[in-house]
Amino acid sequence: MCARALIYLEHLKGNIKSVKNRTGEGRLICVPVKADAYGHGAIQIARASLEAGVGFLGTATVSEGKELRKEGIKAPILIFSQPHPDDIADIIRENLTPLVSDIDFTRALNEHVTTANLRFAEVLGSAAQNVKLPVHLKIDTGMRRLGCNADESLDLARFIASCQGLELTGTATHLAVSDSTEEQDIAYTKTQLEIFNKAVSSIRASGINPGIVHAANSGAVILHPDSWFDMVRPGILLYGYKTAEENKSPSDHYMNLKEYAPITVKPVMELRCAVTLIKKVKKGESVSYGRTWTAEKDTFIAVLSAGYADGLPRLASNKWQVLIGGEAFPLIGRITMDQCCANLCTDDMKTLPNIRRWDEAVIFGGQASDTHSAAALAEITGTIPYEITCNASRRAGREYLK
Ligand SMILES: *Cc1c(COP(=O)(O)O)cnc(C)c1O
């Protein structure tokens, strides 16, 4: 047995409930399932989310959206990243909802839809059935990635409204520092929201319905109630990791965060592997590539069936601990592609602890405590929990627990 990721779908559902409790029953939730649902498996996460009453899914690419449709998922799917013109036929066929940032691409979408409508009418010999593709207008309010500039947003909204083949069903922006409790970052987020509010108001004022208005990622669900609008799009939070602590906010303006239900989330993924061999290592002998660890006294080590190709970062070599039978044992020597080693004899242990070959070891997450979370592992390896879960289990395979 190699490494495997256990996916606690009940934790996901609990996390969805927690977000719902905080943001209010009537508010829509879009579950980002991009990058194979942050490494958790897009299809299963999408299904479980829909079961939990979520109405929208988000992917980065058109091909990710197509995968979901192939599995019979009918919910609206927002395409967060900018699609390539070559993807337009698929967007229309699969009824995906692109976020549009500019007139050129929007025009190309519209031309494809209207051409398809005409062809449809020709074949049926009837009046053109005017199918409209839903699109969301994306406004750049300070992220400086996708989205039109705020001062161009009304023009783009007008252009969309003038398109026969398109329907404006939403208007969105993305926040750059919503997870930070630093005063200047809170101020930056407020400025982004001001710019967004103004743009949405002028769209409304010109008689165009902006559709579902949305902005909040995980950080904003925790820290910025005024970003919740009609729908929230928290990713990492739904997978069980808080990007900020609401009670750490220094700003007076956010004292009222206490009025909202507290957010408790549980990690959805738990990465496990097996003890494949237990062996004696004598004082002075080294373990693994590069000989970065040498036994100071005779000891027993466990060889484990997980390496960096399974999502245990090599940078965690000699820094991380795994749980075996609920007890923590330090990883020693370099983590290799497929395997790593744990020292079974801590200083005060004279005999081999009660661990047997083929026992399972928890690498991170799931039911394990905070000290064994993907966030803690991310911290010691200089990254974020997103990258840890995304990298986990590509080879390992996943097991879904209901
Ligand atoms: C990935 C993504 C999110 C979710 O971000 P988290 O930080 O995981 O909450 C929300 N919106 C867009 C546009 C995204 O690309």
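The values are calculated or read from the model by the stated rules, or taken from the named source; none is laboratory data. Being a predicted model, the structure only gives us computed values, none of them experimental. Every residue, glycine among them, receives a Cβ derived from its backbone with ideal geometry; neighbour counts consider all protein chains shown. The area values use the complete protein model at the heavy-atom level, side chains included, leaving out ligands, DNA and RNA. Shrake-Rupley method; radii C 1.70, N 1.55, O 1.52, S 1.80 Å.
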For the range 81-101 and the range 131-198, what is the separation of their Cα centres, given in Å? 18 Å
Burial order of peptide ranges 229-239, 140-150 (average beta-carbon count within 10 Å, highest first): 229-239, 140-150
Points 7 angstrom from Cα along the Cβ direction at MET337 and GLU182: gap in nanometres? 4.0 nm
Using a probe of 1.4 angstrom, how much of the accessible area of the range 30-84 is carbon and sulfur, in percent? 54 percent
Any idea what the dipole of the chain comes to, in debye rounded to 20, about its Cα centre with Lys/Arg Cβ at +1 and Asp/Glu Cβ at -1? 1200 debye
On a 28 Å Cα-Cα criterion, which of the cross-link pairs LYS17/LYS198; LYS242/LYS402; LYS74/LYS132; LYS190/LYS242; LYS258/LYS402 come out too long? LYS17/LYS198; LYS258/LYS402
I want to check the label-to-label distance for LEU50 and GLU285. Put each point 7 Å from Cα in the C-beta direction and report it in nm to one decimal. 5.4 nm
Hey, what's the Kirkwood Rh for the chain if you take every pair of different alpha carbons, in angstrom? 23.2 Å
Identify the GluC sites (Glu not before Pro) of the range 225-322 meeting these criteria: DSSP loop state and at most 11 other C-beta atoms within 10 Å of the C-beta. GLU245, GLU296
Report the residues of the range 150-164 in range of a label on LYS198: point 7 Å along Cα→C-beta, backbone N strictly under 14 Å from it. 150-154
Rounded to the nearest 10 degrees, what's the angle between the helix 183-205 long axis and the longest principal axis of the chain, both from Cα atoms, 0 to 90? 30 degrees
Around GLU259 (Cβ within 12 Å, Cβ-to-Cβ, excluding GLU259; K/R +1, D/E -1) the net charge comes to +1
Under 12 Å Cα to Cα from LYS282, which aspartates and glutamates show up? Leave out anything in the same chain fewer than 8 places away. GLU296, ASP298
Counting only DSSP beta bridges with both residues in the chain, tell me the antiparallel percent, nearest 5. 50 percent
Mean-square fluctuation check for the chain, GNM, Cα pairs under 10 Å: which of ALA306, ALA52, ALA375 is largest? ALA52
In the chain, if the dipole is taken from +1 on Lys/Arg beta carbons and -1 on Asp/Glu beta carbons about the Cα centre, which of GLY125, SER288, THR171 is farthest to the positive end? SER288
Helix-only mean residue ellipticity at 222 nm, the chain, DSSP H runs n ≥ 4 weighted -39,500 (n - 2.57), per residue, nearest 500. What is it? -9000 deg cm²/dmol
Heavy-atom accessible area of the range 86-207 with neighbours in place, 1.4 angstrom probe: carbon+sulfur share in percent works out to 49 percent
Environment charge at THR171 (Cβ cut-off 14 Å; Lys +1, Arg +1, Asp -1, Glu -1): 0
Sort out for me the Cα centre separation of the range 321-335 from the range 274-288, rounded to whole Å. 13 Å
Work out how much length GLU296 to ASN209 would gain on full extension: take 0.36 nm times their residue separation and subtract the Cα-Cα distance, in nm to one decimal. 24.3 nm
For the chain, with every protein chain kept in place, what is the accessible area per residue (1.4 Å probe, Å²)? 46 Å²
Test of understanding: what is the full-extension gain from ASP155 to ASP226, defined as 0.36 nm times their sequence separation minus their Cα-Cα distance? 23.0 nm
In degrees between 0 and 90, to the nearest 10, how far off the longest principal axis of the chain does helix 103-124 point, with axes built from Cα atoms? 70 degrees
Cβ-defined net charge surrounding SER373, 12 Å radius [Lys, Arg +1; Asp, Glu -1]: -1
